[in-house]
Amino acid sequence: MREILLAVPVLLPIVGGAGMLVLHLKDGRENKDRSLMLLTEGFVLLNSLVIFWLLRYRMGSHLVLFRLFGNLTVRFKLDPMGGVFAGLIAFLWPLAVLYSFEYMKHERRKKMFFAYYVMTYGVTAGIALAGNLVTMYLCYEMLTLVTFPLVLFPMTREAKRASRRYLYYSIGGAAFAFIGLVFVLSFSATGNTDFVPGGVLNLKEAKAWRNILLLVYVLAFFGFGVKAALFPLHGWLPQAAVAPTPVTALLHAVAVVKSGAFAILRFTYFSYGTEFLEGSWAQWGVMAVTLITILFGSTMAVREIHWKRRLAYSTVSNLSYILFGATMMSSLGLAAALSHLVIHAFMKICSFFCAGAVMHQTGKTQVYELDGLGRSMPVTFGCLTVASFSLMGIPLFGGFISKWNLVQAAFACNKNWLPCAGVAVILYSALMTGIYMLTVLVRAYFPRPEEERVVTDLEKKYKDPGGMMLMPLVIFAVVILFWGLHSSSLMRLLTEIGGEAG
C-alpha cells in the first residue's frame, strides 16, 4: 500500500491548488494574505518533503493509478532519472514560492496566481514520476493548461497575445508528440509504453518500417521540443517574459522548458532506444537543429536590450545544450545532458530572480537602465555575478562542469563530424554569453563617468529587496558554487543513469 505515496506528489498540489481556487477567506486583507501564504507554502513544503522521503526510501517503486483501457495505464514509477528531476523541482519550488510572496505582495488576484502555481508543481512532478509514455503525455498536456493562466495573469494586451501564442504552440507540439505515442504503442515489444532502459521497440518489426519510424521520432522530437524552445518553435518563450518573474523563472528554469527537455530524454532513451536511432539520418538531423538553436539563441540574446527577454533567448540557447547531449545517443551524452539540466536550473532561476528583484525595486526593465545599480543592490548583483560566470562556463562555477561534460561526450561521439562541430558551437555560445551577461554586470558596477551623479542618487533611492526575495538568491548562488567545486557525487549518479539507459 505504500506505493500509493507515489501519487501524492502529483495529486496533492493539483487537488490543493484547485481547492484554493474555490476557497473563500473572510478575514481582512492582511490576514487573508497571511492565510494564503501559509496555505501555499504548506502545500509546497509538504509535497517536497514527500518527494524527498520517496527518494530516500522508495526508489524503484511503481504504482498503476488506474487503467484507461487495454494496456494503457496511468502509471507512476520512481527510477533514478525521474528522481533527479523530481528532486530538482522539490528543492526549487519552495524557494520560488517564498520569493513570490514578496514579489506579488501588491498584486491583485493572488489567490488565483498561487493556486495555479501550486497545481503546476503537481503536474511537473507527474512528468518526473511518469512510469510510461501515456502518463507523461497526459501530464505534458495538463502542463499547458495550468501554466496558461499564469502567462495570462497580467491581463495586458501583450500578456493576452503571449498566452495565445504559448497555447497554440503547445497544442501543436502535443499533436506531434501524440503521433510518437501512437507509433511507440504500435511497435512496442512489451505491448505497452512503459519506460524501459534501451527502449521498448520491437526491433525486428521496426526494421521494416525504419524510415517511417525515424520520421515519427523527428516529429515527436519537435513536438516535445516546443516546450524546450527548439528553433524554429521557440517564439512563445521570449514573449512569455511579460508574465510575472516568479512565473517566467519557473517557465525558463524548471517547469515548462525542463519538462520538454526531460520528455525528449525519456522518449529517446526509454521509448525508442539508442540502438534503433544511433547513426541514422534522424539522429544527425535533430542534432543539427539543436546546434542551430544554440547559435540562434545566443546571438539573439546579444541583440536583445530588454533584460528578461535577453534571459529568455539565453534559455533558448541553453536548453539545446541538453538536447545536444540527448542526440549523441550515448551514455556519456545522457549524463552530460542531465548535468546541464540540473545545473542550468539553478543558474537560470537565479538570473531571472535577480532581474525580477531589480524590476520589483526599481521598475527598470532595459539593460541600458542598469547603470550603477550594482552599488545600491549589492547582494542582488553579487548573486547575479555568480550566475553569470556560471552561464559563461568559467571554471569553479557549476556551468563549467556541465559544459565540460558535453564537450567530453561530443569528442567521444566520433561517428560523424557534427558532434565536433557542436564543440565549436558551444565555444561560440560561451563567447556570446560572456557578451550579453557581462554587459549587464559592467553597467551595474562600472557606470559611465557622466552617470556618477545619477549613481549617487540611486544608492540613496534603491536597495536590495527583503529577506523573502534575497534568501532564495543567496541559496541558488551557493548551490552554483557548490556544484562548481564538488560535482563528483552528482556526476557519479548521472553516469550510472547514463550507463543504464545509453
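The values are calculated or read from the model by the stated rules, or taken from the named source; none is laboratory data. Worth saying up front: this structure is predicted, and the values here are computed from it rather than measured. Ideal geometry is used to build each Cβ from the backbone, glycine not excepted, and the neighbour counts take in all protein chains shown. The protein model used for the area step is the full one, side chains on, heavy atoms only, and it has no ligands, DNA or RNA in it. Shrake-Rupley method; radii C 1.70, N 1.55, O 1.52, S 1.80 Å.
Pull out the extension gain between Leu11 and Leu23, defined as 0.36 nm times the separation in residues minus the alpha carbon to alpha carbon distance; nm, one decimal. Working shown, then result.
On the way: separation 12, 0.36 × 12 = 4.32 nm, distance 1.78 nm.
Difference between extended and current length: 2.5 nm.
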With all protein chains present, the chain has a carbon and sulfur share of its accessible area (1.4 Å probe) in percent of 65
Taking Lys and Arg as +1 and Asp and Glu as -1, residues besides Gly225 with C-beta under 15 Å from its C-beta add up to +3
Taking Cα atoms, the helix 257-266 axis meets the longest principal axis of the chain at an angle in degrees (rounded to 10) of 20
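Per residue, how large is the accessible surface of the chain? Use a 1.4 angstrom probe and give square angstrom.
Heavy-atom accessible area per residue stands at 38 Å².
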Expressed in nanometres to one decimal, the distance between label points 7 Å along Cα→Cβ at His486 and Glu107 is 3.5
Measuring from the longest principal axis of the C-alpha atoms of the chain, the long axis of helix 488-501 (C-alpha) lies at a number of degrees, nearest 10, equal to 30
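Any chance you could run the full-extension gain for Glu158 through Met59? It's 0.36 nm times the residue separation minus the Cα-Cα distance, nm to one decimal. Provide the component values of the computation, followed by the final result.
Values: separation 99, 0.36 × 99 = 35.64 nm, distance 4.40 nm.
Full extension from Glu158 to Met59 adds 31.2 nm.
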Along the dipole axis of the chain (charges at Cβ: +1 for Lys and Arg, -1 for Asp and Glu; origin at the Cα centre), the most positive-end residue among Met59, Ile127, Cys139 is Cys139
In this structure, among Lys105/Lys258; Lys403/Lys463; Lys110/Lys308; Lys110/Lys258, pairs with alpha-carbon gaps over 31 Å are Lys403/Lys463
Toy charge model, Lys and Arg Cβ at +1, Asp and Glu Cβ at -1: region 47-130 dipole around Cα centroid in debye, rounded to 20, equals 240
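In percent, how large is the relative contact order of the chain, given Cα pairs closer than 8 Å and 6 or more residues apart?
Values: 867 pairs, mean separation 72.7, N = 502.
Relative contact order here is 14 percent.
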Which of [x] 149; [y] 133; [z] 162 gives volume of the Cα convex hull per residue in Å³ as computed here? It is [y]
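Please return the longest stretch of the chain lacking exposed loop sites, where trypsin sites (Lys or Arg not before Pro) count only if DSSP places them in a loop and at most 10 other Cβ atoms lie within 10 Å. Write out the running numbers ahead of the final one.
Working: sites that count: Lys26, Arg108.
Formally, the longest exposed-site-free interval is 109-502.
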Between the Cα axis of helix 157-186 and the main Cα principal axis of the chain, the angle (0 to 90°, nearest 10) is 20
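Can you give the helix-only mean residue ellipticity at 222 nm for the chain, where every DSSP H stretch with n ≥ 4 adds -39500 (n - 2.57) and the sum goes over all residues, rounded to the nearest 500 deg cm²/dmol?
On the way: 22 runs with 367 residues, N = 502.
Per the formula, -24500 deg cm²/dmol.
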Taking every other residue with Cβ under 14 Å from the Cβ of Ala253 and scoring Lys and Arg +1, Asp and Glu -1, one gets +4
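Within region 196-226, which chymotrypsin sites (Phe, Trp or Tyr not before Pro) sit in a loop by DSSP and count at most 10 neighbouring Cβ atoms inside 10 Å?
On the way: sites: Trp209, Tyr217, Phe221, Phe222, Phe224; in loops: Trp209.
Sites meeting the loop and neighbour criteria: none at all.
Please give the length that would be gained between Phe446 and Leu72 if that part of the chain were fully extended, namely 0.36 nm times their separation in residues minus their C-alpha to C-alpha distance (nm, one decimal). The partial results should precede the final answer.
On the way: separation 374, 0.36 × 374 = 134.64 nm, distance 5.98 nm.
Separation in residues times 0.36 nm, less the Cα-Cα distance, equals 128.7 nm.
Below 10 angstrom from the Cβ of Val242, what's the summed charge of the other residues (Lys, Arg +1; Asp, Glu -1)?
Working: positive: Arg157, Lys160, Arg161, Lys308, Arg309; negative: Glu158.
Computed value for this residue: +4.
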